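No lab work stands behind these numbers, since they all come straight from the coordinates. Note that the coordinates shown come from a computational prediction; the quantities given were computed from them, not determined experimentally. All Cβ positions, glycine included, derive from the backbone under ideal geometry; neighbour counts span all protein chains shown.
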Amino acid sequence: MFVSYPPLSRRGMALILSVLTLLVLGLLAAGFVTTSMVELSIATNEMESRRALQLAKGGLAAAYQWMTDLPDPPCQGGGSTQPTPTSHDVSGIGRYDAWIDFDSQNSCLDSSSVWRYVLRSVGTTPAAVASEVHVGVTASRNTFAGYSWWWQTSDQGIWWTDWDRVDGRVHANDADVYLADDPIHQANGAYFGQKVTLAGECLFQLTGDGNPSPNIPEGYATFVAGYETGVPPCGFPPDLGPTLSASGLTLRGETTIVLQADGTLRVTNAYAGFVDSVLPLPPSGVISVQHASLINRGNLRIQGTLRGRATIVAAGAVRIVGDLLYHDVSSPMPPVQSAYMLGLIAQNDILITNVVQGAADGDRCIYGFLLSSVGSALKVDSLAARGYEGVLVVHGGIAGNSLAPTLRTSQGQIVGGFGTDVTYDQRGLMTPPPYYPVVDCGDQQRWNIAKVDSSWTEVFPAIDGGGNGGGERD
């Protein structure tokens, strides 16, 4: 049976349309509310994650400061420790927990070793949002390889003139430091590329009449990083026994060493029966030349090209008879990217000696860190009898008990010796040559710490509030 219904009235149609419109609007409103709640949750999570990240970074800074405040770098091999305080609650924000991981290769045996660590910190907010940060750091004690020039005393006032350019830290325990700036000696003065520290009130201008004056007006020298007087004096190691006895190659008596680009040494030493004999560079990198007798002293003659990392120490004097270079650096470029490094240490003077007696060799290029315990670390052999040779180009650092002049002048003219051009090898601060002596400057920081890498991981909670697990971001 067919049933018919009367047609809807206009009022009925309007009612149905109204209901449908309300339904659609309700669905749209519900969608907007849901979207808003999700966006609010995401914004809240993002804010919480940022708080957690800042907390973690605060813990990292606290761990970094704790390490730098230690008198010496911790050299424990492997394992980890927690700094004090190990954690810290920040009222209403959250907390951090920090700790330090030690590299398993760290050793307490070598005073100039480089130690490696990873500093880690986790920040947590009350909403259980966590963020972890870490930074890799290296540490090294301050050694004399941290200086461009360092000296304990000087036999006479040292005049720093236009011919002297020093790019690196300079320190003097002595009071005789003269800066020449008069018509006799040049017009612009010396150039110091990094900070100059002096144990006394010892910067003097050398005026036109040859008398020192304590006033240092602009123009008498260029101090790029300034200078400071009255700093604590730095102790100097009078005994090189620890370095002389370090495990490595030991030679006795008068010795000649030619460094070879293939990583070997050509050695002449009568006591050991070596005549231009080829020897390997020892694994420790330490070569010591000791006294054989009261007559056969532990003096060294050296030149050549180094392929490796080495410290060569002599109980007597060292004579540099030719260039000292690194195999992977093209002379005369500074060896900032070199894999190799030389420390050259003498109990007495380190002398620049002619290859052929009486002949002028011209410029001399020396890569390495030079240290003399009781003498001068850069002294020109027979300076009074020499004509002008050229420039001593040094890429490294110079530290000595005394500081000797390398140049002779007369009435405004250079008449003998060498000018000096010293470029500091920045690697000396953190990666000194093996077994290089440690410097002790009173209450100053005894070691350096440097960041080598850093990153962080943020862990977000799930959007539904079901705990951590929303993913990681590096």
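Calculate, for Ser80 and Val452, the FRET efficiency according to 1/(1 + (r/R0)^6) with r their C-beta to C-beta distance and R0 25 Å; round to the nearest 0.05. All intermediate terms of the calculation are to be shown ahead of the outcome.
Numbers: r = 18 Å, r/R0 = 0.72.
With R0 = 25 Å, the Cβ-Cβ based efficiency is 0.90.
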Give the residue from Pro432, Val394, Ala384 lying farthest towards the positive end of the charge dipole for the range 371-444; charges sit on Cβ (+1 for Lys and Arg, -1 for Asp and Glu) and the dipole is referred to the Cα centre. Ala384
Near Lys57, which lysines are there with a Cα under 25 Å away, not counting those fewer than 8 places off in the same chain? Lys451
